[in-house]
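**Q** Structure provided below as structure tokens; questions to follow.
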Amino acid sequence: MQPINRTNLADTAIEAIRSEILAKRWPVGEKLPNEASLSAMLSVSRGTVREAVRVLVSQGLLDTRQGSGTYVVSTTDNSRPLTMARRASLRDQFEARCALDVEGARLTAIRKTPDVVAGLRALLAERGNYEGGNTAGFIERDLAFHKAVIAASGNQAMIEIYDFFSASIAETIAATLDKAIPEPDMKAHQVIVDAIETGDPGKADAAVRGFMAPVLSALDRMLLS
């Protein structure tokens with residue numbers, strides 16, 4: 001079992017342990033390594049291991065027996081419905097984010113100043129392209145850019161809503177770092193800033209929708225697969 005280093009450690013630990021169970025590394029009836037051993041194998045905290053085991057128990061793959069340990073009770077993959085639900089949930093998150101990003105870009109295009117545009121371009125330069133490594137840092141830089149677009153809209157209610165949903169928005173950013181969902185690259189982000197700079201809200205609207213379209217299409221294909 002390989003150590004993991006992705007953003008959502010609990011989800012990744014779940015998938016790592018599930019994969020080993022489905023591969024019959026531990027047959028039905030066998031006791032899993034203890035919490036400390038799994039924590040060391042995966043290079044995650046014991047709390048993350050506990051959460052992963054809890055989920056796999058709920059999925060019918062494991063059973064915890066007080067004072068004895070955790071045992072494999074099934075090596076059959078029953079996770080597809082849950083995976084489908086997760087993808088559907090992620091699509092809902094992207095749709096909600098798209099609605100906020102579209103209106104934010106429209107208002108920013110109307111109200112922009114040269115300083116606003118320069119600030120967005122500077123944040124975009126700091127963001128760069130994701131090339132692996134510090135995932136959390138990249139997500140923070142990408143989120144900073146999108147929050148700046150919303151902030152420049154001048155709509156305080158929208159700014160507060162975006163802040164409130166920032167954890168969900170960060171999750172959508174993290175999802176695009178998985179090869180199954182395309183990550184909007186620097187060019188796609190630059191198109192948004194260029195559209196805002198024109199002062200045309202229609203162009204800003206189209207730029208954000210074009211930015212989101214490949215992601216939503218990929219999620220639709222995944223839901224149908």
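**Q** Using a/c under 1.5 as the rounded threshold, could you call region 178-223 rounded, prolate or oblate? The axes a ≥ b ≥ c are square roots of the C-alpha gyration tensor eigenvalues, and prolate needs a/b larger than b/c, oblate otherwise.
**A** The shape class here is oblate.
**Q** A further question on this structure: May I have the count of lysine pairs in the chain with C-alpha atoms under 28 Å apart, counting pairs 8 or more residues apart or located on different chains?
**A** Lysine pairs, 8 or more places apart or on different chains, close enough: 9.
**Q** Mind putting a number on the dipole of region 163-225 about its Cα centre? Charges go on the C-beta only, +1 for Lys and Arg and -1 for Asp and Glu, and I need it in Debye to the nearest 20.
**A** Dipole size: approximately 220 debye.
**Q** Which whole-number value in Å² is the accessible area per residue of the chain, probe 1.4 Å?
**A** About 51 Å² of surface per residue is accessible.
**Q** Let's see if you can work this out: charge +1 on each Lys and Arg Cβ, -1 on each Asp and Glu Cβ, no other charges. What is the dipole magnitude of the chain about its Cα centre, in debye to the nearest 20?
**A** Charge dipole, the chain, about its Cα centre: 540 debye, nearest 20.
**Q** For region 73-207, report the % of Cα-Cα distances exceeding 26 Å.
**A** 26 percent
**Q** Compute from the Cα atoms of the chain the Rg and the Dmax, the latter being the longest Cα-Cα distance, and quote both in angstrom.
**A** Rg then Dmax for the chain, in Å: 21.1, 67.
**Q** Of all accessible surface on region 66-225 at a 1.4 Å probe, what whole percent is carbon and sulfur?
**A** Carbon with sulfur: 55 percent of the solvent-accessible area.
**Q** Mind listing the phi-derived Karplus ³J(HN,Hα) values for region 52-61, rounded to whole Hz, using 6.51, -1.76 and 1.60 with θ = phi - 60°, and x for any glycine or proline?
**A** 4, 5, 4, 5, 5, 5, 5, 8, x, 8
**Q** Can I ask one more? With each run of n ≥ 4 DSSP H residues scored as -39500 (n - 2.57), what mean residue ellipticity at 222 nm is computed for the chain after dividing by its residue count and rounding to the nearest 500 deg cm²/dmol?
**A** After summing the helix terms and dividing by residue count, I get -22500 deg cm²/dmol.
**Q** Using +1 at the Cβ of each Lys and Arg and -1 at the Cβ of each Asp and Glu in region 12-164, identify which of Ser45, Ser58, Ala148 lies farthest towards the dipole's positive end.
**A** Ser58
The values are calculated or read from the model by the stated rules, or taken from the named source; none is laboratory data. None of these values were measured; they are calculated from a predicted model. All Cβ positions, even for glycine, are placed from backbone atoms using ideal geometry, and neighbour counts span all protein chains on display. For the accessible areas, the whole protein counts, side chains as well, though only heavy atoms, and no ligand, DNA or RNA atoms are used. Shrake-Rupley method; radii C 1.70, N 1.55, O 1.52, S 1.80 Å.
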